[in-house]
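Here is the structure we will look at, set down as structure tokens.
The values are calculated or read from the model by the stated rules, or taken from the named source; none is laboratory data. Just so it is clear, the model here is predicted, and its values are computed rather than measured. A quick note on method: Cβ atoms are made from the backbone with ideal geometry, for glycine too, and the neighbour counts reach across all protein chains shown. Remember, those area values only see protein heavy atoms, side chains included, never the ligands or the DNA or RNA. Shrake-Rupley method; radii C 1.70, N 1.55, O 1.52, S 1.80 Å.
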Amino acid sequence: MGPLIFSLNVTLDGCVDHQEGIADDETHAFFTRLMDESGAMLWGRVTYEMMESSWPAVARDEEAPPAMREWAVKLEAKPKYVVSSTRTDFPWANSHHIAGDLRKGVQKLKDVTPDGILLGSGKLATELDRLDLIDEYRMLVQPMIAGHGPTLHEGGLPGTRRLELLSAEPLRNGAVAMHYRRAR
């Protein structure tokens, strides 16, 4: 069984707005490495639609910056799983729908993905954390205070999650890559 790894950009004040953060070559390389280490991607419908609306075009754009294009090309090939109760058709290459019981669907995905699953949706992460399905957290903490939301686990959790620090790596751009595992 592979781990479910929640990974996202987050500002110092907990903002997870995809427009907040440094989107340079170093950041793209960081997330490309995480994707390379994982067997699949997992998103909610809103994140899927946001990704679907831009990254396939970047993968085809030979003029795109190399780090962005590398991410996009690899993302095209990576299995992508989407949790949605309102949409069932996901035409982007290698996209699959997870329907029905959330716990069972994600647990089944973990069971058949030994290299792990990279989760990149804030609202979905809150639901999966409530179900005790997230094993690791790979946050890229951005050197900024956004002053607005959405924020990490905005809907709240039933209790405090104790974490064990596995690594902390400062990037040249000022962000810090934090890797935690659930303390059990």
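Where in the chain is the longest stretch that carries no GluC sites (Glu not before Pro) classed as loop by DSSP and with at most 13 other Cβ atoms within 10 Å? Display every interim value, and only then the final one.
Details: sites that count: E62, E63, E154.
It works out to 64-153.
Please report, as a whole percent, how much of the solvent-accessible surface of the range 25-184 comes from carbon and sulfur atoms (probe radius 1.4 Å). Could you put the intermediate results ahead of the total?
Values: 4360 of 8370 Å².
Ligands and nucleic acids excluded, carbon and sulfur give 52 percent.
Can you give me the C-alpha center-to-center distance between the range 25-67 and the range 1-20, rounded to a whole angstrom?
Each part's Cα centre sits 14 Å from the other's.
Give the separation of the Cα centroids, the range 118-136 to the range 99-114, in Å.
12
Within the range 64-140, list the trypsin sites (Lys or Arg not before Pro) lying in a DSSP loop whose Cβ has at most 16 other Cβ atoms in a 10 Å radius. Could you put the intermediate results ahead of the total?
Details: sites: R69, K74, K80, R87, R103, K104, K108, K110, K123, R130, R138; in loops: R87.
Answer in residue order: R87.
Shape of the chain from its Cα gyration tensor (a ≥ b ≥ c, root eigenvalues): rounded if a/c is under 1.5, otherwise prolate when a/b > b/c, or oblate? Let's see the in-between values first.
On the way: a/c = 1.44, a/b = 1.03, b/c = 1.40.
It is rounded, given that a/c, with a ≥ b ≥ c, falls under 1.5.
Write down the accessible area per residue of the chain in Å², having rolled a 1.4 Å probe over the full set of protein chains. Please list the in-between numbers first.
Details: 9450 Å² over 184 residues.
Accessible area per residue: 51 Å².
Over the C-alpha atoms of the range 19-116, what are the Rg and the largest Cα-to-Cα span, Dmax, in Å?
In order Rg, Dmax, the Cα atoms of the range 19-116 give 14.1, 42 Å.
How large is the dipole of the chain about the Cα centre if only Lys and Arg carry +1 and Asp and Glu carry -1, each at its Cβ, rounded to the nearest 20 debye? Mind showing how you got there, number by number?
Values: 21 positive and 27 negative charges, 155 e Å.
Dipole of the chain, to the nearest 20 debye: 740 debye.
At 0.36 nm per residue, and after removing the present C-alpha to C-alpha distance, how many nm does the segment from M144 to R172 gain when stretched out fully?
Working: separation 28, 0.36 × 28 = 10.08 nm, distance 1.46 nm.
Extra length available between M144 and R172 comes to 8.6 nm.
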